[in-house]
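Right, one structure below, let's go through it.
The values are calculated or read from the model by the stated rules, or taken from the named source; none is laboratory data. This structure is a prediction, so every number in the text was calculated from the model and none was measured. Positions of Cβ are backbone-derived with ideal geometry, glycine not excepted, and every protein chain shown enters the neighbour counts. Surface areas here come from the heavy atoms of the whole protein model, side chains and all, with no ligands, DNA or RNA. Shrake-Rupley method; radii C 1.70, N 1.55, O 1.52, S 1.80 Å.
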Amino acid sequence: MPQDAPPNGSAREDVPEGPWSRVAGMQAKLHRWAAADPGRRFDDLFNFVFDPATLYVAFCRVEGNRGANTPGVDGMTVRLVEQRIGVREFLDDLRAQLKAGTFRPLPVRQRLIPKPGGSGKLRKLGIPAVADKVVQAALKLVLEVLDADIEAAFDNLSHCAVMDRVRARVKDKRVLALVKAFLKAGVLTESGYREDTWTGTAQGGILSPLIFNVALSVLDEHLHRPWKPGGAMAAHHQRVRRRAKGLPNWRACRYADDFVVLVDGTEADAEALREEIASVLASLGLRLSPAKTRIVHMSEGFDFLGFRIQWKRKRGTDKWYVYTFIADRAIRSLKGKIRALTRRTSQQDLGYVLARLNLVMHGWARFFRHAVAKKTFSMLDYYTWRRVARMLMERHHWRWKEFRRRHTTPQGHWLPITGGQTELRRIDAIPVTRYRYRGSKIPSPWPLPEHA
């Protein structure tokens, strides 16, 4: 039987000296309890939600997001809150509303944005009000640590299924009511009409990815059950025996609504598993996208999270290995950002352009540095250098001979392109460290005590 957690009475009225350390301590404690007892249900979590430290950390996270100064339906932004109200007064008022039970989320402001990849399709983006963003961030700080075991996916998610999953771990009715209120907050469309939200969670909200992950944990549990102790695939010899009998083995990997299932078996086994997955998703009000769901052999390869994973023969040998490349779509996306920053007619300050290029390219390269990426990095360095050179030649009316004279040493060696104190930095200098399986050696951010 699930065990109810004891009430929490540690939330204080005053803002502690170290809100970040206090929130981290609270998260670590909840995580230890959740990991130690998968059946435990948590009561009296609401004190943590409106704790001054939690609200302060939540506001800081909202302030640091790219959409901090994108207004919701009330027209307020983080900057306006700081200028007109003041952060302390804003958080005190928000805390009072939460304590009194009078807080009500506003509808999200809907915006249609193009989906990446140039397909021409539009994605619905929901922009919550600032106060709603802060409360969502506070809820996320409390709920995300309880997730130790727990075609328009965000639009079709069943609210009943989500709430059932949250109730399995959270007993506090005030927290449950707050989560439900955000699910039912509604949408204010671009045409000015208010629409109720009977299913789904607004893509763009701080809480939305967490809610979606809580719901899809049903799929995780279904696919990973055979790997648990006592399961049909728990041990290596069991998996070998299954293959000897013609039975399939599989392993799933998921990130939000993108997932891949690797099947050691026949195409028919993969087809059967797809139908099984479709049945599990149907219970959540979701369905597999026909355009994005494919059954392929590893020699054909597949794209996942920007990577291209493919089984290929190693050059010069007769041995075959699984390689991780950078997907073409990810390269095209980066080139598009580089082109936007280096248009020939651009009159932006060169130092600003170089700083933005360094930020975009190095962030992208560090994400992909575990793939077979060295040649790709070199190609992108040359592509970027050429774009900047053409922009400068157009801006200053230089011919190639003049540009070369200004950017080489007397000995003919190329000098880096600089703007003020900013230099265009090459990404091929980033070390490429191919991924190696580390398994249980990956450290946990909240390790359990040895005696637990």
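Identify the residue in the range 359-409 that is open to solvent by less than 40 Å² (accessible area, probe 1.4 Å) and part of a loop (DSSP other than H, G, I, E, B) and, among all such residues, is nearest to Arg308 (Cα to Cα).
Ala371
I'm told Glu275 meets every condition in (1) exposed (fewer than 14 other Cβ atoms within 10 Å of the Cβ); (2) acidic (Asp, Glu); (3) in contact with a Lys or Arg (Cβ under 9 Å, 6 or more places away or on another chain) except one. Can you identify the failing condition by its number?
Condition not satisfied by Glu275: (3).
Of everything in the range 59-77 that's open to solvent by less than 70 Å² (accessible area, probe 1.4 Å) and in a helix (DSSP H, G or I), which residue is farthest from Val49 (Cα to Cα)?
My answer is Gly64.
Taking the options Leu139, Leu176, name whichever one is closer than 19 Å to Ala96 by Cβ and modelled with pLDDT of 80 or more. Let's see the steps before the verdict.
On the way: Leu176 fails: closer than 19 Å to Ala96 by Cβ.
Just a single option satisfies the conditions, and that option is Leu139.
What pairs come up if the first residue lies in the range 224-249 and is closer than 18 Å to Val280 by Cβ, the second is of a type in the set (Phe, Trp, Tyr) and not in a helix (DSSP H, G or I), and their beta carbons are under 9 Å apart, counting only those six or more places apart or on different chains?
Pro226/Trp250; Met233/Trp250
Among the candidates Thr324, Thr293, single out the residue that is at pLDDT 90 or above and within 28 Å of the chain's Cα centre (by Cα).
Every option except Thr324 fails the conditions.
Quick one: which residue in Ile331, Ile309 is part of a helix (DSSP H, G or I) and either under 18 Å from Thr384 (Cβ atoms) or under 24 Å from the mean Cα position of the chain (by Cα) (or both)?
Numbers: Ile309 fails: part of a helix (DSSP H, G or I).
The match here is Ile331.
Give the residues of the range 270-306 that are in a loop (DSSP other than H, G, I, E, B), under 20 Å from Leu223 (Cβ atoms) and not aliphatic (A, V, I, L, M), sorted by residue number.
If the condition is that a residue be in a loop (DSSP other than H, G, I, E, B), under 20 Å from Leu223 (Cβ atoms) and not aliphatic (A, V, I, L, M), then Ser283, Gly285, Arg287, Ser289, Lys292, Thr293, Arg294 are the ones that fit.
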